[in-house]
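The block underneath contains the structure these notes are about, expressed in structure tokens.
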Amino acid sequence: MSIRVPRGYSWRMEGRMPERVFRTEGLTKVYDTGGVQVHALAGVDLELFAGELAVLLGPSGSGKSTLLNILGGLDHASDGRVWFRDLELTGLGDRGLTRFRRDHVGFVFQFYNLVASLSARENVQLVTDVSRDPMRPEEALEQVGLAHRMDHFPAEMSGGEQQRVAIARAIAKRPEVLLCDEPTGALDSKTGVQVLDVLREVNERLGTSTVVITHNAAIRKMAHRVVYFQDGRIKRVEVNETRLAPAEISW
């Protein structure tokens, strides 16, 4: 696949080719459900680059979440190969994948998965206590605009605030990549824009390579690149020469 370089990338300014963060070759995932084989991924070749914000777009069941789970070391491929930089993930066992997730990847899901009995600060501290070089929980919460809510519990927060705590928890270990599966799926449009703006800020300010899964086509306008999925395959890849801020997107 030829590489088109979007405007705004620092490596374009420096005249360099982008650095690959992930690369897949012939990635396949087959689930056996009661004797029926379901091909969630059917030979995916993809490259994702350092510092970009990529949106994976497609209907439910098109393979987006399966791909994200394999990239993040949460699942194993049935066939094909996947690399994180020079590390081949398909060659790792469960222990190696656990180490990879701990050291390199932050996850944000549709549902916030916060511990109800812990404050925002304590929820973030769950990650910082086991990370190699974490931010302070207070710093991570400040990054997502929640400095004033650190000691509040999830039940005292709106859905958008809870999702921002989840983002703070994900970025607190300073991951190289942030993988987001339908991060606005449980939110109304106004709150969803606030969450997307936080993801954009994390990508631009911290340089975190960010992948956002969505079935909401409007969100593609904030991405550097858009990868369209259909029936377990990549249908096409588009580059946004001009990107919109989340507040400029009409849902």
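The values are calculated or read from the model by the stated rules, or taken from the named source; none is laboratory data. In this text the structure is predicted, and so the values were computed from the model without any measurement. Reconstructed Cβ throughout: ideal geometry from the backbone, glycine too, with neighbour counts over all protein chains shown.
Structure notes:
- Pairs where the first residue, in the range 58-84, is under 11 Å from K29 (Cα atoms) and in a loop (DSSP other than H, G, I, E, B) and the second is modelled with pLDDT of 95 or more and of a type in the set (S, T, Y), C-beta under 9 Å, 6+ apart: D75/T66; A77/T24; A77/T28; S78/T28
- Residue within the range 65-74 that is more than 20 Å from T210 (Cβ to Cβ) and of a type in the set (V, I, T) present: no
- All conditions but one from (1) at pLDDT 95 or above; (2) in contact with a Leu (Cβ under 6 Å, 6 or more places away or on another chain) apply to V212; the one that does not is (2).
- Against the list (1) in contact (Cβ under 8 Å) with a residue 60 or more places away in the chain; (2) surrounded by fewer than 20 Cβ atoms within 10 Å (Cβ to Cβ); (3) among the hydrophobic types (A, V, I, L, M, F, W, C), the condition L179 fails is (2).
- If you go through the range 221-251 and keep only what is modelled with pLDDT under 95, buried (at least 16 other Cβ atoms within 10 Å of the Cβ) and assigned to a helix (DSSP H, G or I), you end up with just P246.
- Long-range neighbours under 8 Å by Cβ, at least six apart or interchain, first residue part of a helix (DSSP H, G or I) within the range 193-207, second hydroxyl-bearing (S, T, Y): V195/T184; L196/T184; L199/T210; V202/T208; V202/T210; N203/S209; N203/T210
- Among the residues making up the range 98-131, those that are among the β-branched types (V, I, T) and either surrounded by 16 or more Cβ atoms within 10 Å (Cβ to Cβ) or closer than 27 Å to K64 by Cβ (or both) are T98, V105, V108, V124, V127, T128.
- Residue in the range 150-169 that is in contact with a Gly (Cβ under 9 Å, 6 or more places away or on another chain), under 28 Å from T98 (Cα atoms) and either of a type in the set (S, T, Y) or outside any helix (DSSP H, G or I) (or both) present: no
- Some residue of the range 36-58 being under 13 Å from V211 (Cβ atoms), among the acidic types (D, E), in contact with a helix residue (DSSP H, G or I) (Cβ under 9 Å, 6 or more places away or on another chain) and at pLDDT 95 or above: yes
- In the range 211-220, the qualifying residues are those that are outside any strand (DSSP E or B) and touching a Ser or Thr at 6+ places or on another chain (Cβ under 9 Å), and the one that is farthest from L187 (Cα to Cα) is R220.
- Beta carbons closer than 8 Å, at least 6 apart along the sequence or on distinct chains, pair a first residue in the range 229-249 that is in contact (Cβ under 8 Å) with a residue 24 or more places away in the chain with a second that is loosely packed, with under 14 Cβ neighbours inside 10 Å and assigned to a loop (DSSP other than H, G, I, E, B) for Q230/P59; V237/M1; V239/R4; E241/R7; T242/R7.
- Top-ranked residue of the range 101-142 - restricted to ones that are among the hydroxyl-bearing types (S, T, Y) and either in contact with a strand residue (DSSP E or B) (Cβ under 8 Å, 6 or more places away or on another chain) or assigned to a loop (DSSP other than H, G, I, E, B) (or both), ranked as farthest from T210 (Cα to Cα): S117
Let's see how each residue does on (1) under 19 Å from the mean Cα position of the chain (by Cα); (2) closer than 17 Å to V195 by Cβ; (3) modelled with pLDDT under 95:
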| position | (1), (2), (3) |
| --- | --- |
| Y112 | yes, yes, yes |
| V115 | no, no, no |
| L118 | no, no, no |
| E122 | no, no, no |
| Q125 | no, no, no |
| D133 | no, no, yes |
| P137 | no, no, no |
| L141 | yes, yes, no |
| Q162 | yes, yes, no |
